[in-house]
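Colleague: Input: one structure, supplied below.
What follows is calculated from the coordinates using simple rules that are stated; it is not laboratory data. Keep in mind that what you see is a predicted model, and the values were worked out from it rather than measured. FYI the Cβ positions are ideal-geometry reconstructions off the backbone, even for glycines, and counts take in every protein chain you see.
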């Protein structure tokens with residue numbers, strides 16, 4: 001007898017409802033956001049779509065609104081108008097706490113400045129997002145072993161696991177930040193200039209790991225960079241100038 | 001894990017955290033210290049006299065009579081005649097009566113004339129009686145018994161001579177008839193420790209050739225002649241009375257207060273003590289107020305420290321939020337930190353208090369005659385400590401909310 005079994009990807013096993021169109025993993029429509037304060041900045045994005053498993057390089061000058069766009073996608077800030085839909089969930093419909101939980105479950109973040117907790121060990125830094133993401137945590141049998149495996153894949157020796165983050169070199173910190181984003185295989189990885197502090201060889205290894213993650217787990221990857229030479233390694237390249245309209249000036 | 005990270009974060013800011021803990025510890029030690037002194041003073045006052053039903057003196061205020069007769073503070077406005085004393089002593093309600101005669105001094109200490117019954121009848125701290133540490137109770141006319149503080153301060157031993165001065169601040173001394181230290185009393189924590197006790201007859205004896213505050217020129221009665229004299233006083237300062245039945249106290253008090261021969265006053269020591277506390281209650285309240293303000297200042301200082309550390313912790317909070325920590329975690333971490341700092345501070349404050357008590361107890365006793373008992377914290381003190389910890393949690397809500405709002409506003413863009 002033949003069993004007809006559909007295996008659902010892990011990231012779809014979620015309490016958040018999925019999009020009707022599975023190819024549209026990320027969708028931004030008519031989104032506006034402005035920073036008030038001494039210097040006014042407004043970002044408008046008419047339309048941005050990312051398909052599932054797609055690897056996208058986002059290029060843009062400094063001040064073009066890349067970080068604001070990433071914050072909107074992460075749900076740490078909420079669009080003033082328009083729709084930000086990630087993995088089938090309209091972020092503006094969620095409360096702040098729900099957005100935090102959603103981010104923990106669905107998005108692995110790699111910051112430009114690594115943003116590790118300097119006083120915490122490498123292991124604690126890597127395992128931190130799992131504390132707030134039970135679904136990601138449940139995918140792993142042994143959390144510490146997985147953290148160690150990721151570190152090994154990224155070229156960090158086992159002894160570094162107990163080191164404090166503040167005692168690591170810049171390159172090592174970058175790798176720990178990558179391991180923290182990758183652990184528990186989140187369906188979406190956002191990386192903000194992650195290769196800026198790495199030498200050419202480590203940069204290549206690092207990118208290969210991200211792409212491998214995308215291939216193996218169907219992870220969508222959105223990476224911000226100034227380095228246009230990386231473009232040919234991604235499925236698609238988006239220029240901020242093409243998708244975003246920015247206004248800036250002092251409030252009178 | 002979050003708890004471990006919270007501790008690691010605290011350890012990373014050890015200096016500022018230690019300063020906050022120190023501020024809390026000092027304020028808690030000060031607050032509890034004031035509380036100990038306040039309750040110690042109250043207990044010490046209340047324990048000064050017990051077992052005495054009435055104190056009799058010339059008519060004045062009840063607090064004044066209590067102060068000069070028991071605490072040796074201030075002076076009597078008038079005396080009680082010996083006839084009245086004897087008349088009262090004969091009353092059927094009276095179980096015992098002890099005369100007290102004050103007026104002279106030795107160095108900075110008061111001299112009290114009384115009889116041997118004082119050593120049996122005077123009781124303090126519930127039911128303690130006076131005990132002689134060295135020597136004996138008065139045997140000779142010119143024997144003096146000195147309190148523990150007198151002996152310590154003046155370095156007196158049994159057999160040392162004592163010359164009594166006439167009055168309290170007088171240069172005239174009864175140096176013709178020096179006393180001898182016959183005994184030294186054990187420490188009591190009462191004004192008795194700072195008193196030179198002689199017999200009532202001796203008080204009369206040293207004043208035989210005196211008139212109007214000075215010796216009569218050319219007149220000298222020998223000690224032997226004085227020993228043969230009756231030496232009955234004309235008047236005394238006050239008397240302590242024990243009544244046969246408690247039911248008779250008010251009747252006897254009324255009788256004395258309406259005594260037809262001279263204006264007298266009989267007071268119940270407990271009631272007079274209450275009146276005294278009502279008078280000093282304002283100072284007591286002010287003292288509590290000051291120490292409460294100290295604690296509040298320390299808590300506000302802690303809040304200021306948390307506020308000022310928010311900028312340096314901005315990245316930390318944003319990392320937590322970016323990793324998915326919700327508002328509860330951010331608020332909880334800051335509340336936990338505040339509670340932890342205060343709890344450790346309160347504990348160290350308690351240790352400082354007891355170290356201070358061990359070190360300062362003899363000095364406070366010597367300087368102020370206040371014996372502070374070293375006892376475990378009372379339920380009230382534990383309650384106060386828990387209240388301070390709870391207050392710290394409330395106070396830290398403000399910076400915690402600000403931290404959360406900051407982490408929201410920062411988004412993914414903290415590049416400090």
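Colleague: Can you grab the distance from the C-alpha centre of the stretch B:272-296 to the C-alpha centre of the stretch A:173-252, Å, no decimals?
Modeller: After rounding, the separation between the Cα centres reads 68 Å.
Colleague: Relative to the compact-globule scaling 2.2 N^0.38 Å, provide the ratio for the alpha-carbon radius of gyration of the stretch B:176-296. Walk me through the intermediate numbers first.
Modeller: Values: Rg = 22.1 Å, N = 121, 2.2 N^0.38 = 13.6 Å.
Rounded to two decimals, the normalised Rg is 1.62.
Colleague: Express in whole angstrom the spacing between the alpha-carbon centres of the stretch B:1-63 and the stretch B:303-356.
Modeller: So the separation of the two Cα centres works out to 25 Å.
Colleague: Follow-up. Could you state the number of Å between the C-alpha centres of the stretch B:174-206 and the stretch A:77-139?
Modeller: Result: 84 Å between the Cα centres.
Colleague: Another question, if that's okay. Could you work out the helix-only [θ] at 222 nm for the protein assembly as shown, with each DSSP H run of four or more residues adding -39,500 (n - 2.57) and the total divided by the number of residues, to the nearest 500 deg cm²/dmol? Don't skip to the answer; put the middle values down first.
Modeller: Numbers: 22 runs with 302 residues, N = 668.
Calculated mean residue ellipticity at 222 nm is -14500 deg cm²/dmol.
Colleague: Could you give P(r) for the stretch B:80-188, binned at 10 Å from zero, as whole percent values over all Cα-Cα pairs?
Modeller: That works out to 13, 40, 33, 13, 1, in percent per bin.
Colleague: Further question on the same structure: How far apart, in nm, are two points set 7 Å out from the Cα along the Cα-to-Cβ line at residue A:144 and at residue B:87?
Modeller: 9.4
Colleague: How many nm separate the modelled label positions at residue A:200 and residue B:382, each set 7 Å beyond the Cα in the direction of the Cβ?
Modeller: Going by the 7 Å Cα→Cβ label model, 7.2 nm.
Colleague: In addition: Between 0 and 90 degrees, rounded to the nearest ten: what's the tilt of helix B:14-47 against the longest Cα principal axis of chain B?
Modeller: 20
Colleague: Moving to a separate point now. Working from Cα positions, state the angle (0 to 90°, nearest 10) between the long axis of helix B:397-410 and the longest principal axis of chain B.
Modeller: The answer is roughly 20 degrees.
Colleague: Okay, moving on. For the stretch A:78-155, what are Rg and Dmax over the alpha carbons, in angstrom?
Modeller: Cα only, the stretch A:78-155: 14.9, 44 Å (Rg, Dmax).
Colleague: May I pose another question? By how many degrees, between 0 and 90 and to the nearest 10, does the Cα long axis of helix B:2-12 differ from the longest principal axis of chain B?
Modeller: 70
Colleague: Which value, to two decimals, describes the C-alpha radius of gyration of the stretch B:1-155 once divided by 2.2 N^0.38 Å?
Modeller: Details: Rg = 25.5 Å, N = 155, 2.2 N^0.38 = 15.0 Å.
This ratio for the stretch B:1-155 stands at 1.70.
Colleague: Treat the count of other C-beta atoms within 10 Å as a stand-in for reagent exposure and order B:363, B:293, B:317, B:19 from fewest to most. Write out the running numbers ahead of the final one.
Modeller: Values: B:363 9, B:293 12, B:317 23, B:19 15.
Lowest count first: B:363, B:293, B:19, B:317.
Colleague: Rounded to the nearest angstrom and ordered from largest down, what semi-axes does the equivalent ellipsoid of the stretch B:54-267 get from its C-alpha gyration tensor (root of 5λ)? Mind showing how you got there, number by number?
Modeller: Working: eigenvalues 153, 90, 48 Å².
Each semi-axis is √(5λ); the values are 28, 21, 15 Å.
Colleague: Can you say what percent of the DSSP beta bridges in the protein assembly as shown, counting only those with both residues inside, are antiparallel? Round to 5. It would help to have the intermediate numbers written out before the result.
Modeller: Numbers: 59 of 86 bridges.
Once the DSSP bridges in the protein assembly as shown are tallied, antiparallel ones form about 70 percent.
Colleague: Please figure out what share of the DSSP beta bridges in the stretch A:10-250 is antiparallel and state it in percent, rounded to the nearest 5.
Modeller: Details: 24 of 42 bridges.
Counting DSSP beta bridges with both partners in the stretch A:10-250, the antiparallel share is about 55 percent.
Colleague: For chain B, what does the convex hull of the Cα positions come to per residue, in cubic angstrom? Present the calculation step by step, with values, prior to reporting the outcome.
Modeller: Details: hull volume 72.3 nm³, N = 416.
It comes to 174 Å³ per residue, whole-number rounded.
Colleague: Sticking with this one: What's the extension gain from residue B:160 to residue B:108 if we count 0.36 nm per residue and subtract their Cα-Cα distance?
Modeller: Answer, rounded to one decimal: 17.0 nm.
Colleague: So, one more: Give the dimensionless ratio obtained when the Cα radius of gyration of the stretch B:327-370 is divided by 2.2 N^0.38 Å. Intermediate results must be reported in sequence, preceding the final value.
Modeller: Numbers: Rg = 18.0 Å, N = 44, 2.2 N^0.38 = 9.3 Å.
Normalised Cα radius of gyration, the stretch B:327-370: 1.94.
Colleague: Pop the C-beta distance of residue B:366 and residue B:271 into the FRET formula with R0 = 22 Å and round what comes out to the nearest 0.05. Intermediate values should be presented prior to the final figure.
Modeller: Working: r = 31 Å, r/R0 = 1.40.
Here the calculated transfer efficiency is 0.10.
Colleague: Using Cβ counts within 10 Å as a stand-in for footprinting exposure, how do B:139, B:262 rank, fewest first? Walk me through the intermediate numbers first.
Modeller: On the way: B:139 11, B:262 14.
Fewest-to-most Cβ neighbours within 10 Å comes out as B:139, B:262.
Colleague: Follow-up question, since we're still on this one. Can you work out the FRET efficiency for the pair residue B:246 and residue A:40, with r the C-beta to C-beta distance and R0 = 60 Å, to the nearest 0.05?
Modeller: Values: r = 86 Å, r/R0 = 1.44.
Efficiency for this residue pair is about 0.10.
Colleague: Find the Rg to Rh ratio for the protein assembly as shown, where Rh is the Kirkwood radius over alpha-carbon pairs and Rg uses the same atoms. Present the calculation step by step, with values, prior to reporting the outcome.
Modeller: Numbers: Rg = 42.7 Å, Rh = 32.2 Å.
Looking at the protein assembly as shown, the ratio lands at 1.33.
Colleague: Roughly what percent of Cα-Cα pairs across the stretch B:306-416 reach past 22 Å?
Modeller: On the way: 3096 of 6105 pairs.
Here the tail beyond 22 Å accounts for 51 percent of pairs.
Colleague: If I model a spin label at residue B:59 and residue B:257 as a point 7 Å from the Cα along the Cα→Cβ vector, what separation in nanometres do I get?
Modeller: Rounded to a tenth, the inter-label distance reads 1.2 nm.
Colleague: Kindly state, as a whole number, the per residue volume in cubic angstrom of the convex hull around the alpha carbon atoms of the stretch A:10-250. Display every interim value, and only then the final one.
Modeller: Details: hull volume 30.7 nm³, N = 241.
Dividing the Cα hull volume of the stretch A:10-250 by its residues yields 127 Å³.
Colleague: Another question about this same structure. Apply 1/(1 + (r/R0)^6) to the Cβ-Cβ distance of residue B:347 and residue B:311, taking R0 = 51 Å, and write down the FRET efficiency to the nearest 0.05.
Modeller: On the way: r = 29 Å, r/R0 = 0.57.
In this case the efficiency is close to 0.95.
Colleague: Exposure proxy check: B:258, B:186 ranked by fewest other beta carbons within 10 Å? The partial results should precede the final answer.
Modeller: Working: B:258 10, B:186 14.
Ranking B:258, B:186 by Cβ neighbours within 10 Å, fewest first, gives B:258, B:186.
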